[in-house]
1. I want to verify a result. In a Gaussian network model of the chain, Cα cutoff 10 Å, which of these has the top mean-square fluctuation: PHE76, PHE180, PHE113?
2. Please turn the phi angles of the range 154-162 into ³J(HN,Hα) values with the Karplus equation 6.51 cos²θ - 1.76 cosθ + 1.60 (θ = phi - 60°), one per residue in order, whole Hz, x for glycine and proline.
3. Using a Gaussian network model of the chain whose springs link C-alpha atoms within less than 10 Å, name the residue from GLY155, GLY42, GLY86 with the highest mean-square fluctuation.
4. Could you derive backbone 3J(HN,Hα) for the range 78-94 from the dihedral phi with the Karplus parameters 6.51, -1.76 and 1.60 (θ = phi - 60°), listing whole Hz in sequence and x where the residue is Gly or Pro?
5. Once you've got the GNM for the chain with C-alpha springs shorter than 10 Å, pick whichever of SER131, SER276, SER85 has the biggest mean-square fluctuation.
6. Can you find, among PRO271, LEU88, ALA158, the residue farthest towards the positive end of the dipole of the chain? Put +1 on the C-beta of Lys and Arg, -1 on that of Asp and Glu.
7. Around ALA152, which amide H atoms from residues at least 5 apart in sequence, or from another chain, sit under 5 Å from its own amide H, with H modelled in the peptide plane?
8. Pull up all non-local amide H partners of GLY61: gap of 5 or more, or a different chain, and H-to-H distance under 5 Å with H placed in the peptide plane.
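Where a number appears in this text, it was derived from the coordinates with a stated rule and is not lab data. Nothing here was measured: the structure is a model prediction, and the numbers come from that model. Cβ: placed from backbone, ideal geometry, glycine included. Neighbour counts: every protein chain shown.
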Amino acid sequence: MHRDLELARVGRRYGIRGPWVLRGVDLTLTPGSLTRVEGANGTGKSTLLRLVAGIDTPTEGRITGRPRTAYVPERFPSALPFTPSGYLTHLGTVHGLSRRSAAARAADWLERFGAAAYAATPMAQLSKGTSQKVAVAQALLADPELLVLDEAWTGLDAEARAELERAVAERTAAGGAVVFVDHDPRRLAGVPDAVHQVVAGTLEPRTAQAAPPVGPLTVVTARGPAGGRLPADATRPSASAAEPTPGTYRLTVPASHSDVVLRALLTAQPPWHVVSVSPPDVPPDEKDRP
């Protein structure tokens, strides 16, 4: 994602005389950002996400800076005349991938979300949870610059929910933007760069202090080159960073984001040395003791 997506004084209503669902919405999504949208049921969160994703158009106002966008809707039409593998491969070719590359990416995402066993099953026969895995896979297939998730975790099992959190971390680390709605207030708690609430048809930034990360944490201890600074992609997802000795840092990271942090450290120029990776209650120097 090379530029911001901006919503300026955007409003949406259905029908010439219909009530305004949203009005006066201003929102900027920057490359590499993670944005959460909150609000009570029926306030217009899904309408906002459809506008952000380009599925819907504003009645008033303007949206500029449209990136390549992928969208997971709140309700995915699962009864399609495809198998998951065929559907994802077809979408991959629509996105410009060769058929061979599209098929390989389809297989990879189905494997990551634990749905590889159903690759050849007609989609009309899939369970709701497996259908949701296909819905998420189709959005991630072509490395979108903007990923829009409307209750995308609903229906996924614990392993798939964690995998989606890892995928979100990968997208933002690669410079993409992600905006999401989820009914669970603990989802990615402490990680988003911005949280907005839909209130009375408009969008307001949430000013309350961000919640601490929820769920498993990982402590990454790394030693940098002389005079080196922690890479931004390592510090941004971290809940905390301490420097117990000069040049050595302990980063406490949501487990779902640990792969992204490790990749950032190891691919930095010059690269950082990863001393240890451990749960937060295990001191790094005792991790390997019997």
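1. Highest fluctuation of the listed residues: PHE76.
2. Taking θ as phi minus 60°, the curve returns 4, x, 7, 6, 4, 5, 5, 4, 5 Hz for the range 154-162.
3. GLY42
4. Couplings: 7, 7, 9, x, 9, 8, x, 5, x, 5, 5, 5, 4, 4, x, 5, 4 Hz.
5. The residue that fluctuates most here is SER276.
6. Ranked along the dipole, the leading option is LEU88.
7. VAL181
8. HN-HN under 5 Å from GLY61: GLY11.
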